[in-house]
Structure formats: C-alpha cells, structure tokens
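The values are calculated or read from the model by the stated rules, or taken from the named source; none is laboratory data. Since the model is a prediction, treat every value here as computed from it, not as a measurement. All Cβ positions, glycine included, derive from the backbone under ideal geometry; neighbour counts span all protein chains shown. Just so you know, the surface numbers come from the protein's heavy atoms only, side chains and all, with ligands and any DNA or RNA stripped out. Shrake-Rupley method; radii C 1.70, N 1.55, O 1.52, S 1.80 Å.
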Amino acid sequence: MPLLRVILACAALLTLSPSNAAPRAPAHPLTQMDLHAWLDGFMPEALQQGDIAGAVVVVVKDGEPVVQIGYGYSDVDSRTPVDPQRTIFRVGSVSKVFTWTAVMQLVEQGKLDLDSDVNRYLDFPIPARDGKPITLRNIMTHTAGFEERLIGLIGVAGEDSVTPLGEFLKRYIPARIFAPGETPAYSNYATALAGYIVARVSGQSFDDYMDKHVFDPLQMRNSTFRQPLPERFKADLSKAYAAASLPSKPIEIVGPAPAGSLTLTGADMAHFMIAHLQKGRYGSEQILKPETAEKMHDTALTILPRVNRMLLGFYEDNYNGHRVIAHGGDTQWFHSDLHLFIDDGVGLFIAFNSTGKDGAVQPLRSILFHEFADRYFPGVGPDGDHDAPEAAEHARMIAGRYSVSRRFDTSFLSLLYLFAEPKVLDNGDGTISLSMVTSPSGIPRKWREIAPFVWREAGGNDLLSAQIEGGRVTRFSFGDVSAVEMYDRTGWWKCSSGLLPLLAAGLLALFLTSIAWPISAFTRHHYHLSPALSGSQAVARRMVRIASVAAVLVFLAWLALIFTMTSVLDLSSKLSRWVGLLHILSPLVFGGGAALGLWDATVMLRSHRRWWAKLWAVVLATSFLAVLWVAFAFHLISLRAGY
C-alpha cells in the first residue's frame with residue numbers, strides 16, 4: 001500500500017499542466033546544494049517503497065559534474081553502498097549511443113557513409129526490401145525494417161557461452177517486415193549490425209575499438225562492453241535484483257553486445273555526457289568534431305507531426321519547451337536513463353540495479369526525470385484547442401485496433417498480440433484513450449485533441465499524432481515511444497476483435513468434447529449401455545475426440561512456452577528444442593484435426609442423427625478450422641524456426 005501511495009502521489013504531480021494548474025514556480029538554482037537537498041529527500045524513500053536495492057544519480061552542467069550520488073546498496077547482503085566512483089552498473093540500451101558515437105567517428109573520417117548500402121561493409125548479405133537496401137541512416141533511426149527477435153538476446157553468465165558478434169549476426173538475421181526509411185521499429189539486431197560494421201571498417205574488434213577511441217580519450221577507466229566481464233571489474237559490479245527483498249540474480253550476457261552490453265560507473269557516464277554537451281569535446285580530447293556532434297543531435301526523422309522524433313542515435317524527449325535528447329536502457333534487472341538538455345548544457349543520468357516491487361522502477365525513473373525538469377527547467381508544455389464537433393469526428397476516425405511496429409511478425413511469438421492488441425477508444429466526449437496507457441489504478445488516461453489529429457494527454461505533456469490517408473487514420477504514435485514505434489491498423493485476418501472470441505469458443509468446444517469422451521465412456525460402462533454410434537460414424541467421432549484432445553494440449557503448450565520465454569528471457573535459447581517439437585506437431589495436430597473435423601461433420605450431416613448432434617459436428621469442424629487459421633496467421637505452423 002505505501003508503494004501505491006508514493007506512485008499515485010508522484011503521478012498526481014505529473015498530471016498538472018500549465019492550463020489547469022497554478023502558475024509554475026520559478027526554476028530552482030541547479031547547484032550541488034539544491035540537488036542534494038532534493039534528491040536526498042526523494043531517492044531513499046522511493047527506493048525503500050519500491051523495494052529497489054540501489055541507484056546512482058549523476059548530473060552535469062557546463063562541462064562539470066554537479067552531483068554524483070549513490071543511494072542504497074550494490075550488495076544487499078553485505079550492505080555495500082552504491083559508490084558513484086566505483087560501483088559498476090549495466091546500462092542496457094544506453095549502450096547504443098556509445099555505438100552510434102563510434103559510427104559517427106568513422107563517418108567523419110570518410111570511412112563510413114550514412115546513405116550507402118550496408119552490404120558494402122559486411123561479409124554476409126542483408127537482402128533489399130521492396131528494391132531498397134538498408135543504410136546506416138536507416139539503422140541509426142531504427143527504420144531498417146527488421147522484426148523483433150528474442151533468441152540469443154539475453155543469456156546467463158557462466159551458463160551461456162558468448163557468441164562472437166559476427167557469428168551472432170549471421171545466425172539470427174531477422175525478417176524484414178517494412179521498407180527501409182519508412183517505419184520506426186526499434187531493433188537491437190540493427191544496432192549490433194552497426195557495431196559489427198565499426199569493427200570491420202576499423203580493423204579492430206568492437207571491444208578494442210570502443211576502448212581505444214571512446215573510453216580512453218574520455219578517461220572512462222571503469223567502462224567496458226566486454227563479456228564476460230573482465231576480472232578487474234568484477235569486484236565493483238553491482239549485484240542484480242528483481243527486488244531488494246529477494247535474492248540476487250545471475251549477471252546477464254547480452255547477445256547483440258553493441259546494443260546493450262555496456263557496463264560502467266556513474267562517474268564515467270559523466271564524462272560521456274559532458275563530451276556530447278560540449279559538441280564532442282571532453283577536456284583536451286575531441287572525440288567528435290563539433291559539426292559531427294551537431295549533426296548527430298539535430299538530424300531528425302519526421303514521420304508524424306509534433307511528436308518526438310528519432311535523431312541519429314539519440315531520440316527526442318523534449319519537455320517543458322526544452323530540447324532534450326535521450327536514451328533509456330533495460331536488461332532484466334538493471335534499468336537506466338540518459339537525458340541531455342542539449343541547449344542548456346545539462347545532463348541527467350540515473351541507473352538502478354533492481355526492477356522493484358510490481359515493476360516500481362519504471363514509473364520511478366520517469367517521475368524522477370519529469371520532476372527534475374519541472375524543478376530546474378520549468379516551462380510551458382504543448383497546448384491548444386480544437387473544434388469540439390470535429391474533435392468528436394476525429395475520435396471516431398482513430399478508434400480501433402492497431403499493431404505495433406516493433407513486433408514479432410513471422411514467428412510464433414506474434415501470438416502475443418492476439419491477446420494484447422493495442423486499442424484506441426473513442427470516449428464519446430471528443431476525447432480518446434489508449435488501452436496501453438493507464439493510470440496506476442489501471443484506468444486508461446484521456447487524450448484531448450489540440451490540433452487536427454494531434455492529441456495531448458489530459459493534464460500531461462505527452463502528444464499523440466496520427467497519419468491520414470484517403471480520409472482514414474492509418475497509423476499513430478505517441479509520447480516516449482513515438483521515435484521508435486508506430487501503430488498501424490491491424491489487418492482483418494489478425495484482428496483480435498473477431499479472432500479472439502472465435503478462438504476461445506473453438507477451444508472451449510474442443511475442450512468440452514475432450515472431457516465428454518471419458519465421461520460418456522464411464523457412463524456406458526457403468527450402466528452397461530451399447531455404443532450410440534457404429535461404423536464410419538463411430539470411427540469419425542472417435543478420431544475427432546482424439547484430435548480435440550491433441551489440439552487443446554498443443555495449443556496450451558504453445559501458450560505455456562510463449563509465457564515462459566517472454567517472462568524469463570534467459571531461458572529462451574534453452575527452449576529451442578520445444579519450439580522445434582511444437583513446430584513439428586502443429587501442422588499434424590491442427591491440420592489433421594481440421595481434416596478430421598470436416599470428415600466427421602460430413603458423416604454426421606449424411607446420417608440420421610438428431611439435429612443437435614449434426615449441429616455439434618459442424619461446431620467442432622468450425623472450431624478446428626478456427627484454431628488452424630490462428631496457427632497459420634500467427635506462425636504456429638511455419639517453416640521459420642527463428643524467434
């Protein structure tokens with residue numbers, strides 16, 4: 001209960017906007033004294049209530065660290081406190097901005113071209129899509145068009161060997177599901193591909209290149225991409241926790257290393273932030289030319305109007321009228337955020353070593369950034385009004401079901417989206433809601449239109465923008481995800497509004513048939529009754545009952561496997577044998593079941609059985625066909641083994 005009160009209180013602060021709140025207080029002085037006072041009042045209580053073991057907060061300004069503070073413990077059992085100078089955190093996808101920095105170093109040297117076919121730099125082919133090859137610009141803006149991949153993403157140190165980067169990339173090439181340059185779809189694989197290109201063009205391993213050309217000039221002595229972690233770092237590596245009250249977790253191995261394997265201290269991150277805030281310069285070292293740094297920070301890909309956009313590696317997270325470039329990062333247990341107020345010369349980095357109770361770290365890190373911005377960079381958020389009748393019409397136009405662009409599209413994991421399909425809801429009062437954006441109590445938040453097909457979260461700063469084609473809303477994106485994800489209308493053949501009820505009814509019918517089999521057999525045996533069917537009717541009904549049992553069991557096995565793989569990522573590679581087995585069974589069970597169901601229905605319809613027996617045979621045949629359709633549409637039946 002205390003955790004819920006903390007989150008609700010913090011969320012209430014976020015729901016105040018310039019249009020419905022008291023005038024904003026003037027900015028606090030961004031000094032060491034004020035930061036210490038604010039953070040010391042905020043962080044310890046937040047960690048305790050969230051059941052988070054430890055965190056580090058770093059703020060830099062005008063080329064100097066202002067605060068570098070550790071909170072909580074890097075090792076709960078030994079009560080070892082977090083030390084910003086020594087404690088090493090894994091930073092997940094914040095690693096990417098280091099990889100992009102390396103790419104831009106080689107671009108300014110003329111060794112890489114952002115707009116050339118990446119195959120020019122590779123020793124294996126990435127096929128074109130719609131006649132267009134992908135480029136480094138596509139990769140850096142997450143518009144290469146790759147689908148999501150899970151296999152090989154996360155392993156466990158000591159249990160999973162580290163696959164060499166080139167071998168990883170060749171083994172796990174994802175399908176291309178979008179034409180390049182058109183649809184943001186966040187991709188760890190694409191970032192790893194960029195890291196491999198850095199290695200090939202520079203003639204050094206990726207780890208060696210990062211050591212020599214990024215960490216050494218920035219005096220980042222406690223930073224590395226290397227896996228397993230070199231011996232000299234191990235003593236200072238923070239332990240990882242699901243929650244502070246639970247035992248520590250094994251340290252993870254990140255498969256696409258350039259996308260997420262960086263390990264560093266908060267103090268080292270200060271050097272990197274300063275370099276980017278000073279246009280590539282740290283002390284006497286210039287890791288990027290000023291014009292290269294500006295190009296990296298200022299070149300935005302506009303897909304939809306007004307929402308935050310992807311830059312060359314960073315993404316926009318603008319707030320209170322201030323330009324902010326950012327990147328977040330997550331492993332299973334470590335979570336971090338990097339924000340650069342690029343025009344104000346200020347950087348904020350936060351990292352946690354725990355997920356916390358009920359995922360408390362996610363709202364906490366968002367709240368910390370927004371409160372920091374409100375305290376030190378107050379300003380006016382996006383506002384406006386739109387004609388109410390037109391707003392009501394636009395709400396009706398955007399309402400519906402959508403598919404997120406960052407998705408598993410050609411693997412069985414796409415089944416997830418049948419059960420959690422994003423929806424836009426027309427609230428009937430000119431506002432809309434998103435099924436995936438809710439309050440702490442689970443109530444969808446409202447969005448109000450402030451310009452044609454641009455909505456602002458009621459009481460907040462986040463914007464939602466939609467694209468119109470032929471008088472119809474075809475896609476939208478919003479808030480923090482707008483730079484890296486799009487939401488496109490779901491095709492009717494995969495839309496959950498029709499398929500999910502049909503699938504549920506079909507599985508229920510098959511399940512009832514499965515349990516009716518032993519019940520009827522027991523009843524006949526107990527009362528010494530003769531079988532009601534004979535000949536082909538008896539054979540058809542017996543076979544369809546066997547098929548019903550098999551279909552229900554195999555479908556439940558798929559659901560159990562998907563749940564396991566997505567909730568415990570470090571087991572995903574070990575479950576490949578089960579994936580293979582189910583891929584073999586699925587066409588036999590679902591395809592064979594549909595054939596048997598149709599045969600049984602044909603036999604029953606030609607018989608002299610009562611109408612309800614004929615109807616049930618048709619229901620069973622329809623149920624088998626529904627399950628078969630889902631198996632095909634969501635790749636439970638597929639020749640692709642990857643996921």
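Before moving on, here are some points about what is shown:
- For residue 286, no residue 5 or more places off, or on another chain, has a built amide H under 5 Å of its own.
- The coefficient of translational diffusion for the chain, derived via Stokes-Einstein from the alpha carbon Kirkwood radius under 37 °C and 0.692 mPa s, stands at 122 µm²/s.
- All Cα pairs of the stretch 114-177, percent lying beyond 14 Å: 64 percent
- Working ranking of peptides 587-593, 87-93 by packing, defined as the average number of other Cβ atoms within 10 Å per residue, highest first, is 87-93, 587-593.
- With all protein chains kept in place, the per residue accessible area of the chain amounts to 41 square angstrom at a probe of 1.4 angstrom.
- When you count the other C-beta atoms within 10 angstrom of each residue and take the mean per peptide, 288-295, 363-370 line up highest first as 363-370, 288-295.
- Stokes-Einstein D in µm²/s, Kirkwood radius over Cα pairs - the stretch 359-507 at 10 °C with 1.306 mPa s viscosity: 94 µm²/s
- Mean ellipticity per residue at 222 nm, deg cm²/dmol - from DSSP H runs of n ≥ 4 across the chain, formula -39500 (n - 2.57): -12500 deg cm²/dmol
- Net dipole in debye of the chain [+1 Lys, Arg Cβ; -1 Asp, Glu Cβ; about Cα centre; nearest 20]: 2980 debye
- Cα-based equivalent ellipsoid of the stretch 218-357: semi-axis lengths in Å, sorted from largest, via gyration tensor: 29, 20, 14
- P(r), alpha carbons of the stretch 74-122 - 5 Å bins starting at zero, rounded %: 5, 15, 15, 15, 11, 9, 8, 7, 7, 6, 2
- The tail of the calculated P(r) for the stretch 171-222 beyond 13 Å holds 67 percent of all Cα-Cα pairs.
- At q = 0.17, 0.21 Å⁻¹, base-10 log of I(q)/I(0) for the stretch 143-255 (Debye sum, equal scatterers on each alpha carbon): -1.02, -1.24
- Protein heavy-atom surface of the chain, 1.4 angstrom probe: 58% of the accessible area is carbon and sulfur, with nucleic acids and ligands not counted.
- Per-peptide average of other Cβ atoms within 10 Å, ordering 498-504, 177-183 highest first: 177-183, 498-504
- Over the chain, Cα pairs under 8 Å with separation of 6+ residues give a relative contact order of 16 percent.
- Dipole magnitude for the stretch 97-243: computed about the Cα centre from +1 point charges on Lys and Arg Cβ and -1 point charges on Asp and Glu Cβ, it is near 40 debye.
- Tail weight of P(r) past 20 Å, computed on alpha-carbon pairs of the stretch 269-352, percent: 35 percent
- Projected-area mean, the stretch 205-299, by convex hull of Cα positions, square nanometres: 7.8 nm²
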